[in-house]
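For reference, the structure is listed below as structure tokens.
The values are calculated or read from the model by the stated rules, or taken from the named source; none is laboratory data. A quick note: this is a predicted structure, and the numbers were derived from the prediction, not measured. Here the Cβ positions follow ideal geometry from the backbone for every residue, glycine too, while neighbour counts run over all protein chains shown. For accessibility, only protein heavy atoms count, side chains too; no ligands or nucleic acids. Shrake-Rupley method; radii C 1.70, N 1.55, O 1.52, S 1.80 Å.
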Amino acid sequence: MKKDLLKLLDLSTEEIVEILDVADQLKDMKKKGISHPLLAGKTLAMIFEKNSTRTRVSFEAGIYQLGGNAIFLSDKDSQIGRNEPVEDTARVLSRFCDGIMIRTFAQEEVETLAKYATIPVINGLTDFCHPCQVLADLQTIREHKGKLEGLKLCYIGDGNNMANSLIVGGLKTGMKVAIACPDTYRPDPVILEFAHQYPGMFQCTPDILEAAKDADVLYTDVWASMGQEEEFNERKKVFEGYQINDTVMGVAAEKAMVLHCLPAHRGEEITAEVFDAHADEIFDEAENRLHAQKAVMYLLMRNQ
Ligand code: CP
Ligand code: NVA
């Protein structure tokens, strides 16, 4: 049966670790200049109903490096934007391609696409989650800290797609996860329910300094996500103070890492000073999108 990557909730710890291990191997091969055309002749269709820089370029460059090719489909110039049912898009692309990556709004659309597609579907971000980003984040943390288990990850900001995925990815790999968010912007109830399975490992509080205390990794994301642009002024008031700054760094563990999925808004969710001081980690994280997604494509599409 074909496998998809729709959300981290669907993956076992072993499956997550396997992706990270393969990602490390692919990164090592690339650094050493060893060619690795493991998906020679395979085609990835990439559906984008939201903007992207990193996701598009890392998937497209990644499939080329694996010997395959990518086709970019935006809602603006495909029939997707003219309401062709996702069920039909799934069946048509399955006749031409070997995998589909999709970035859209509703998680249900991705789940329906996967149900009707006979080829693997990879979630490149929905309002609910961003699994590819968190796989790259976990790879980066493991690279810098040498392990995941036992570390404390603190996310500060909106209880959005990033918070949802970090909670699942962090807890499944043995990290403690603390979320600092306003009470009215907590993570998805399904995710909070999942976190109940990890007593003593999870915390969700409006208190930023409490969440950040002794954290090994601090993480943040924009106050208004794609599709929420019109809410920005209202959100700006609620999220004021939900920022990684020197005060927050002061309560975190010594040598705490700072990560950001990007794009970053300096002066809002992170200060320019903290961003610049941790730029090496943040751009390693961005680079790892390439390696982690190559691992996902390889593991899912190799038998297509
Ligand atoms: N982090 C991330 O997914 O970036 P893009 O929106 O540029 O793809
Ligand atoms: N939460 C952000 C993440 C961007 C990578 C968004 O959905 O816009």
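Pick out, from 200, 252, 218, the residue whose Cα sits farthest towards the positive end of the charge dipole of region 163-280, with +1 on the Cβ of Lys and Arg and -1 on the Cβ of Asp and Glu.
200
On the Cα set of region 162-304, report Rg and Dmax in Å, please.
According to the Cα coordinates of region 162-304, Rg and Dmax are 16.0, 51 Å.
Could you check how much of the accessible area of region 188-243 is carbon and sulfur, as a whole percent, using a 1.4 Å probe?
52 percent
Counting pairs of Cα atoms in the chain, how many percent are more than 25 Å apart?
47 percent
Jot down the per residue volume, in cubic angstrom and as a whole number, of the convex hull over the alpha-carbon atoms of region 174-232.
It is 109 Å³ per residue.
Report the label-to-label distance for residue 83 and residue 265 in nanometres (one decimal), using points 7 Å from each Cα along the Cα→Cβ vector.
With each label placed 7 Å out from Cα toward Cβ, I get 3.2 nm.
On a C-alpha basis, how far is the centre of region 234-252 from the centre of region 267-297 in Å? Whole number, if you could?
With region 234-252 and region 267-297 each reduced to a Cα centre, they are spaced 19 Å.
Using 0.36 nm per residue of separation minus the Cα-Cα distance, give me the extension gain between residue 144 and residue 276 in nm, one decimal.
Taking 0.36 nm per residue and subtracting the Cα distance, the gain is 45.8 nm.
If you build the Cα gyration tensor of region 1-141 and take the root of 5 times each eigenvalue, what three semi-axes come out, in whole angstrom, biggest first?
The equivalent ellipsoid of region 1-141 has semi-axes of 25, 18, 14 Å.
Using a 10 Å cut-off on Cβ atoms, rank the peptides 24-34, 69-79 from the highest mean neighbour count down.
Ranked from most to least packed, the peptides come out as 69-79, 24-34.
For n ≥ 4 DSSP H runs only, could you compute -39500 (n - 2.57) per run for the chain, divide by its residues and tell me the 222 nm figure to the nearest 500?
Value at 222 nm, helices only, nearest 500: -13500 deg cm²/dmol.
For a quick size check, give me the Cα extents of region 122-234 along its three principal axes, largest first, whole Å.
Rounded to whole Å, the extents work out to 41, 33, 25 Å.
Got the relative contact order for region 126-279 handy, in percent, Cα pairs under 8 Å and 6 or more residues apart?
23 percent
I need the calculated FRET efficiency for the pair residue 303 and residue 183, taking r as the beta carbon distance and R₀ as 51 Å, to the nearest 0.05.
0.65
Size of the dipole of the chain about the Cα centre, Lys and Arg at +1 and Asp and Glu at -1 on the beta carbon, nothing else charged, in debye to 20?
Its charge dipole is roughly 1100 debye.
Just the accessible area per residue of the chain, please: how many Å² with a 1.4 Å probe?
So the chain comes to 43 Å² accessible per residue, rounded to a whole number.
Does a label point 7 Å from the Cα of residue 13, set along Cα-to-beta-carbon, have any residues of region 122-148 with amide nitrogen under 12 Å, and which are they?
148
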